[in-house]
Amino acid sequence: QRITPNPSIEGKVVIAYWMMQGRAEPIIKLAKYVKLPFEFKGYTNPADWQADKAVLKHLFPNVPYIKTGETVMCETDAIVIQVCALANREELLGRNNQELIQGAQVRGVVKDILNDLFGLYFNPNWQTEQAKVLEKCAGRLKRLEKFAAGKKFILGNDLVLADFFLYQILYFLSKMGETILSPYPNLLNFMRNFEAIPEIRAYHESAEFRNKPIFTPGAPYKFPVQEQRITPNPLSLIHISEPTRLLSISYAVFCLKKK
């Protein structure tokens with residue numbers, strides 16, 4: 001059964017999470033893509049979240065959550081469906097049963113990778129454990145690389161929910177080291193295609209995105225490069241006016257990168 005917009009749900013849309021990208025970023029990017037007006041509530045103090053949690057009208061209060069009027073939904077998988085419903089964009093769930101099933105499978109693989117990465121980020125011994133975690137992730141990345149061959153997005157020419165989740169874990173990995181994704185040209189091409197979407201590009205260029213940490217600053221893990229950045233095109237003329245781009249080049253220069 002396909003979802004339909006719920007006319008009884010009215011009011012300002014609030015998406016709440018910790019003040020970082022973390023698990024909520026695919027939701028934020030999805031809402032930006034479908035042009036759903038919303039307010040982001042970013043918690044920085046655990047006490048503030050605990051106070052809200054105590055009065056949140058939901059059986060399973062958790063972050064992230066989405067609140068529309070008095071209606072509250074928690075859990076990421078439910079929230080993205082709600083965003084699609086509010087924006088009347090049910091095609092993002094899958095345009096047929098095959099897309100629905102394949103998208104769910106990709107999201108399952110992505111969730112496994114994300115759980116491994118989050119475990120690493122919270123591990124005080126992350127420096128000695130990173131190689132092991134990346135080796136574990138490599139098997140899944142190789143399968144995703146093969147599946148992405150010849151496609152604009154992960155299932156083809158059209159976006160589905162799985163694309164938003166896949167992009168996020170690839171972004172995390174790209175921040176962990178410049179060459180981690182080098183063995184996966186199809187996935188890098190996917191990232192470029194995703195970043196070229198006008199709504200995503202506009203969001204990436206905004207202070208809203210650039211001022212949001214990738215992960216909680218209190219976690220032991222330290223990303224090698226802190227600046228928010230996006231994946232460069234394989235062949236493009238780029239003006240770099242400040243040291244916030246992917247490569248280690250600073251100030252006013254022009255460069256032509258080859259495929």
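The values are calculated or read from the model by the stated rules, or taken from the named source; none is laboratory data. Nothing here was measured: the structure is a model prediction, and the numbers come from that model. Positions of Cβ are backbone-derived with ideal geometry, glycine not excepted, and every protein chain shown enters the neighbour counts. The accessibility values were calculated without ligands, DNA or RNA, using every heavy atom of the protein model including side chains. Shrake-Rupley method; radii C 1.70, N 1.55, O 1.52, S 1.80 Å.
Of note:
- Taking the range 20-31 as the range and being open to solvent by less than 60 Å² (accessible area, probe 1.4 Å) and touching a helix residue (DSSP H, G or I) at 6+ places or on another chain (Cβ under 7 Å) as the test, the residues that pass are 25, 26, 27, 29, 30, 31.
- Test result for residue 42, under 15 Å from the mean Cα position of the chain (by Cα), of a type outside the set (Ser, Thr, Tyr) and either over 28 Å from residue 91 (Cβ atoms) or at pLDDT 90 or above (or both): no
- Checking 170, 155 one by one, the residue that is at pLDDT 95 or above and either more than 15 Å from the chain's Cα centre (by Cα) or not in a helix (DSSP H, G or I) (or both) is 155 and no other.
- Residue 17 vs. criteria in contact with a helix residue (DSSP H, G or I) (Cβ under 6 Å, 6 or more places away or on another chain), farther than 20 Å from residue 158 by Cα and open to solvent by less than 20 Å² (accessible area, probe 1.4 Å): no
- Selection of helices (runs of 4 or more DSSP H) fully inside the range 37-136 by the criterion of at least 2 residues being open to solvent by 50 Å² or more (accessible area, probe 1.4 Å) and under 17 Å from residue 173 (Cβ atoms) returns 97-121.
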